[in-house]
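Have a look at the structure below, then the notes.
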Amino acid sequence: MVLTETPLLYLAPNLWLQTFPFKTLGVDLQRNVTILRLASGKLILHSSAPFSADDVATIEELGRPAWLIDTLLRHDTFAAEGRGAFPQAKYLAPPGFSINLPFQTEALLAAPSEWAGEVEIVPIDGVPDFGEIVFFHLPSRTLIVADLVVNFPGEHGLWANLLLHFASAGGRHDPGMTVLFKKAVLDREAFVRSINRVLAWDFDRVIVGHGEPIETGGKEKLRAAVRAAGFSEIG
């Protein structure tokens, strides 16, 4: 097997995680890429990243990359690198994602029919600046989010702890919603309806866009994080 520069973490059958450095104000907030393999053998790459040639080769050993997905309007940092690494994949993203890019992406408004029975999606309404769309991988009972919540448990050094504390609504980041995301909620009722749709899914694991995956108890931890951010009316 090719040794990738950024190792793959096996989480469950047909589910892997790859984590890349992503520094903000001197703190590594990580950029997580989730790799899903469908029963057809085709791959969904959830999030773009600065993939190296070795990364690409290792991913292609898992199956055929058919879809490159970005689920957040603000996640175009590595869009060009992702497009260059997997030019054969369909690039799906929220409507408006490619407005500042030199290439077009296809709008991710509904899950492709080939995902039926394996992957479902729900847009998080009421937060237009983010336009987040969350994923549910049914076989592994895994929820995959971008910036809805982050998860940085434990100690991370004085500066990192201060940054994470003040950037997180309610002060929690294990997991927690960021202040930026909370302030971006313009339609509270629409947001709460979307979160309740997400919580209706039967998931246990949660993979976040930034931070460590929540391996178990993810539904209750997500509910607690959103409530702690001030949305106590969610189910």
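The values are calculated or read from the model by the stated rules, or taken from the named source; none is laboratory data. Not measured: the values here are computed from a predicted model. Ideal geometry is used to build each Cβ from the backbone, glycine not excepted, and the neighbour counts take in all protein chains shown.
For the reader, a short list of remarks on this structure follows.
- Candidate set from region 218-234 (those that are of a type outside the set (A, V, I, L, M, F, W, C) and closer than 23 Å to Glu118 by Cβ); member that is surrounded by the most Cβ atoms within 10 Å (Cβ to Cβ): Gly218
- Test: residue in region 120-128 that is closer than 25 Å to Tyr10 by Cβ, surrounded by fewer than 23 Cβ atoms within 10 Å (Cβ to Cβ) and under 17 Å from the mean Cα position of the chain (by Cα): yes
- Residue count for region 24-60, restricted to those that are in a strand (DSSP E or B), more than 22 Å from Arg141 (Cα to Cα) and more than 17 Å from the chain's Cα centre (by Cα): 2
- Look at region 99-128: where a residue is without any contact (Cβ under 8 Å) to a residue 12 or more places away in the chain and a partner is not β-branched (Val, Ile, Thr), sitting 6+ places away or on another chain with Cβ atoms under 8 Å, you get Gln104/Ser98; Ala111/Glu120.
- When the test is whether a residue is more than 20 Å from Leu143 (Cβ to Cβ) and buried (at least 18 other Cβ atoms within 10 Å of the Cβ), Ser113 does not pass it.
- Any chance Leu68 is more than 18 Å from the chain's Cα centre (by Cα), more than 27 Å from Phe231 (Cα to Cα) and not aromatic (Phe, Trp, Tyr): no
- Residue within region 87-96 that is over 24 Å from Leu29 (Cβ atoms) and without any contact (Cβ under 8 Å) to a residue 12 or more places away in the chain present: yes
- Filter pass, Val206 being part of a loop (DSSP other than H, G, I, E, B), touching a Gly at 6+ places or on another chain (Cβ under 6 Å) and surrounded by 17 or more Cβ atoms within 10 Å (Cβ to Cβ): no
- Selection status of Val33, aliphatic (A, V, I, L, M), out of contact with any Cys (no Cβ under 8 Å at 6 or more places or on another chain) and buried (at least 21 other Cβ atoms within 10 Å of the Cβ): yes
- Some residue of region 177-193 being at negative phi, assigned to a strand (DSSP E or B) and modelled with pLDDT of 95 or more: no
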